[in-house]
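Shown next, in structure tokens, is the structure this report addresses.
The values are calculated or read from the model by the stated rules, or taken from the named source; none is laboratory data. Quick caveat: nothing in here was measured; it's all calculated off a predicted structure. Cβ placement follows ideal geometry from the backbone for every residue including glycine, while neighbour counts extend to all protein chains displayed. We work out accessible area using only protein heavy atoms, side chains counted, and drop any ligands, DNA or RNA first. Shrake-Rupley method; radii C 1.70, N 1.55, O 1.52, S 1.80 Å.
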Amino acid sequence: MAITDWPAAERPREKLLARGAAALSDAELLAIFLRTGLPGVSAVDLARQLLNDFGGLRPLLEAERKAFCAGKGLGDAKFVQLQAVLEMGRRHLAEDLRRTDALTSPQAVRDYLSAQLRHRTREVFCCLFLDSQHRVIAFDELFEGTLNAASVYPREVVQAALARGAAAVILAHNHPSGVSEPSQADIHITGRLKDALALVDIRVLDHLIVGEGAGCSFAERGLL
């Protein structure tokens, strides 16, 4: 049965308008993005099939271009559209973060860093540079490594912080494995960075590891 023949309350678009986007399933949200199905297959059924083929919504959204375009009903046009939507989401989170005090909005910081780093297949080390009021000055990716590690050089972090005129920083990196527990190397480099930045009166407010779930905050763990 075509979606247009469904009861109005069950159609994804009407359901979203009546109850909000959060009320929709992954398949229903994806169906709205797809707009149409295939001959004999509704957009919702196609969405369900794609979610099954990719292993869920997140793997589909993070798929490389070749793998994404190989999916039924997908292609370059949908890939471009999806990348634009994802980037708008990241920029929206960035604007939210810039309007707040990073210390009083820890969830905004987590959401932004997760959006920036969770999908990366290599380990990336970044810094949020903050002013004296803990407002965001800039976000910079400083080092990129392999699947398991990224080399971090305190001197370059200090130089970047001084160039930005930062009074404080929040360090961040991702674990592509999804396991956000800090390694001994993570703890060691955090201590070195904290000491190096302290010499130029720049505070390290936190070091966040992005993985699955909420990730790991060094400040919350008492590791700073």
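Counting only GluC sites (Glu not before Pro) that are in a DSSP loop and have at most 13 other C-beta atoms within 10 Å, tell me the longest site-free stretch of the chain. That gives 65-211 as the longest site-free run. Per-atom-type breakdown for the range 113-224 gives carbon and sulfur 47% of the accessible area (1.4 Å probe, protein chains only). Taking label positions 7 Å along the Cα-Cβ direction at both Val80 and Arg58, the computed distance is 3.0 nm, reported to one decimal. Heavy atoms of the protein chains alone define the surface here; on that basis the range 34-85 has 58 Å² accessible area per residue at 1.4 Å probe size. Measuring r between the beta carbons of Leu17 and Asp45 and using R0 = 22 Å, the FRET efficiency lands at 0.55. In straight Cα distance, which lysines are under 16 Å from Lys66, not counting same-chain residues fewer than 8 positions off? In chain and number order, the partners are Lys78. Note on the range 34-84: with neighbouring protein chains present and a 1.4 Å probe, carbon and sulfur make up 54 percent of its accessible heavy-atom surface. One entry in [x] 1.22; [y] 1.29; [z] 1.47 is Cα Rg over 2.2 N^0.38 Å calculated from the shown coordinates; its label is [x].
Relative to one another, the C-alpha centroids of the range 128-169 and the range 71-102 are positioned 23 Å apart. In degrees between 0 and 90, to the nearest 10, how far off the longest principal axis of the chain does helix 184-198 point, with axes built from Cα atoms? Computed tilt is about 60 degrees. The residues of the range 108-222 have, on average, 48 Å² of accessible surface per residue, using a 1.4 Å probe with all protein chains present.
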